[in-house]
């Protein structure tokens with residue numbers, strides 16, 4: 001299913017999220033099962049199905065990584081369930097170092113300051129990768145799509161780091 | 001999800017955690033990661049003049065199954081030749097640790113890590 005088509009929006013990475021939000025609400029209202037309570041069983045079932053699709057589509061398009069994955073899937077490059085290992089040694093070494101920094105936060109004299117520094121670093125890297133991703137996806141060539149897939153993989157590591165950092169922050173607050 | 005006793009054992013008492021000096025000529029390093037869960041795994045081997053893996057170390061940031069898989073592999077490769085170590089299959093790891101289907105990718109990661117380390121050694125030593 002083409003999620004962009006469902007909302008009648010152009011299949012682009014650079015998406016108007018406000019527009020997506022209002023179209024989502026409109027569609028949701030239109031297909032809400034309560035609107036079809038007087039219809040046949042088949043109509044009701046279809047409405048439920050359509051509501052589920054609309055929700056899936058909205059949540060996928062809202063998040064940049066899932067939106068990018070969906071765009072690539074529409075172009076025939078499916079990476080969402082791949083189990084292939086990522087093997088870029090330089091990138092992984094950097095990830096390892098960031099993980100080590102996270103592990104050392106608790107022992108540091110000023111954990112909040114360290115968290116702030118790492119947080120800024122992660123945001124900056126993520127921003128940079130997302131910009132590269134937008135450029136790669138815009139060019140719509142097979143080569144750039146492969147590059148985009150790699151950028152998505154890299155971003156996933158950064159989103160994971162972000163999660164881990166938030167976890168540590170919570171634990172320190174408790 | 002319940003971990004098997006073997007996974008818990010390796011998770012609580014991981015074998016061979018640590019690092020070798022990656023610039024040491026007898027040391028080779030394999031780095032792999034799983035984008036889906038953000039796991040990162042480093043596996044290092046120390047190879048003697050006869051081509052036998054004398055020692056191995058790992059460092060893994062990931063779930064219990066990923067840590068157990070890499071810990072197990074460092075135990076398995078010690079005393080093996082590079083060719084023998086190359087034969088280690090993720091299915092053997094998964095079976096030994098009784099990994100559930102959703103954690104099979106952790107054993108794939110460990111297999112890829114040892115393969116990457118062997119490739120690094122061969123590259124360092126000209127083929």
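FYI, it's all coordinate maths here, none of it is from the lab. Bear in mind that the values here come from a model prediction, so they are computed numbers and not experimental data. A quick note on method: Cβ atoms are made from the backbone with ideal geometry, for glycine too, and the neighbour counts reach across all protein chains shown.
The figures follow:
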quantity	calculated
Averaged over B:25-36, number of beta-carbon atoms from partner chains that fall within 10 Å	6
Beta bridge orientation in region B:5-124: antiparallel %, DSSP, nearest 5	95 percent
Average Cα contact separation per residue, region A:1-123, under 8 Å, 6 or more apart, as relative contact order %	20 percent
Region A:94-135 residues near the modelled residue A:171 label - backbone nitrogen below 12 Å, point 7 Å along Cα→Cβ	A:102-107
q = 0.20 Å⁻¹: log10 I(q)/I(0) that the Debye formula gives for region B:5-124, counting C-alpha atoms only	-1.01
Between 0 and 90°, nearest 10: helix A:17-31 axis offset from chain A longest Cα axis	40 degrees
Cβ-Cβ FRET estimate between residue A:106 and residue B:12, R0 fixed at 22 Å, reported to 0.05	0.65
Rounded to 5, percent antiparallel among DSSP beta bridges of the protein assembly as shown	95 percent
Helix A:142-173 vs. chain A, principal-axis angle (Cα, 0 to 90°, nearest 10)	70 degrees
Cα long-axis angle, helix A:111-139 against chain A (0 to 90 degrees, to the nearest 10)	50 degrees
Computed E for residue A:139/residue B:95 - FRET, C-beta separation, R0 41 angstrom, nearest 0.05	0.35
Per-residue mean of C-beta atoms belonging to partner chains within 10 Å, peptide B:108-120	2
Mean-position separation - Cα centroids, region A:36-60 and region B:69-127, in angstrom	47 Å
Calculated FRET efficiency for the pair residue A:44/residue A:159, C-beta based, R₀ 45 Å, to 0.05	0.75
Cα→Cβ-extended label distance, 7 Å offset, between residue A:88 and residue B:5, nm	4.4 nm
Partner chain coverage, peptide A:77-88 - average Cβ within 10 angstrom	5
Approximate spin-label separation residue A:53-residue B:81, in nm, with each point projected 7 Å along Cα-to-Cβ	5.9 nm
Percentage relative contact order, chain B, counting C-alpha pairs under 8 Å, at least six apart	31 percent
Computed [θ] at 222 nm, deg cm²/dmol, the protein assembly as shown (DSSP H ≥ 4; -39,500 (n - 2.57); rounded to nearest 500)	-20000 deg cm²/dmol
